[in-house]
Amino acid sequence: MYTPKSFELNDAISQYQLIHEYPFGTLVSLCDGALAATHLPLLIAENAAGDRVLQAHVARNNSEFALLQDGSAVLAVFHGPHAYISPSWYPTKASTHGKAVPTWNYVAVHVHGTMTTHSDPAWLLEHLTRQTERYEHNRPDPWSITDAPPDYIETMLKSIVGLEITVQRIEGKEKLSQNRPAADQQGVIDSLRDTQDSALQTALNSEVARRMMKKGPF
C-alpha cells in the first residue's frame, strides 16, 4: 500500500481498533496462479500459541479459499471511514488562486499473514459462537446458536471451512488531510459534519473517525 510518511498509521492499538469497528474485509490470495478475493467478516482472536490471528469461515464449496493449503500467504484488506473531499471546502483556496483539486480521505488497514484451514466441528462451533455473540449481544432479543436444532447446526458445520490467519505484518494508512494547512483541515471537518449523507455521518460518528479528525496539523 502506497503510504506517504504523513499518512502512516503505525499504532497497533489503532490498527486493530479499525479492524474491530470495520470487520467486513476483503481476503486476497493467489490460487492456481490467479488472484482471488472474497468478502467476509473477520474476527480478531488469539490461537492456542497466544499469537494474534484473524478468524473467518467460508462455504466448503468455495473453490478459491476452502481448498487453499495451510501456510498459504493471504492479504486481508479493511476499509474504515472514507469520503470525497471537495477543494471548495478549503479556506486557503482563495489565497492560492484556486490551485486545489478534489481528493478522497480514508482510513485503511492491510494485514499480511499465513492461513490455516479448520474442519474440526469443535473449532468451527466455538468460532461461530464467538462471532455470533459479537454481533448479537446488543440486540434486544439476541439470537444464539443454541436457538437452532442441534442436528441442523451439525449439518451446517459440515458445509463450511474455518480460516485462521496468523498475522505477520500490518500496514495502516490514515489519509485525513494532514498535508493541508490547519484551516483547510477544519474546513474539511466542518463540511463533512454539515453533509446530509448518512454514510458520511456514520463514519464521522465512529470512534476511529472522531479520533483521526481531531488530530492537529503535522
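Coordinate-derived values only; no laboratory data. All values reported here derive from a predicted model rather than from experimental measurement. Positions of Cβ are backbone-derived with ideal geometry, glycine not excepted, and every protein chain shown enters the neighbour counts.
Values computed for the structure shown
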quantity: Highest-first arrangement of 112-123, 33-44, where packing means the average Cβ count within 10 Å; calculated: 112-123, 33-44
quantity: Proximal aspartates and glutamates to LYS175, defined as alpha-carbon separation beneath 12 angstrom and excluding residues fewer than eight positions away on the same chain; calculated: GLU8
quantity: For peptides 24-30, 5-11, 79-85, 147-153, sequence by mean Cβ density within 10 Å, most packed first; calculated: 79-85, 24-30, 5-11, 147-153
quantity: GluC sites (Glu not before Pro) within the range 89-157, DSSP loop, no more than 10 other Cβ atoms inside 10 Å; calculated: none
quantity: Debye log10 I(q)/I(0) at q = 0.16 Å⁻¹ for the chain, Cα point scatterers; calculated: -1.10
quantity: J(HN,Hα) series, the range 35-51, from Karplus relation 6.51 cos²θ - 1.76 cosθ + 1.60, nearest Hz, glycine and proline x; calculated: 6, 10, 9, 9, 10, 6, x, 10, 10, 6, 8, 10, 8, 4, 8, x, 7
quantity: Between the range 106-147 and the range 27-50, the Cα center-to-center distance that results, in Å; calculated: 14
quantity: Cα-based helix-to-principal-axis angle, 12-21 vs the chain, degrees rounded to 10; calculated: 70
quantity: Rounded to 10°, Cα long-axis angle of helix 121-136 versus longest principal axis of the chain; calculated: 40
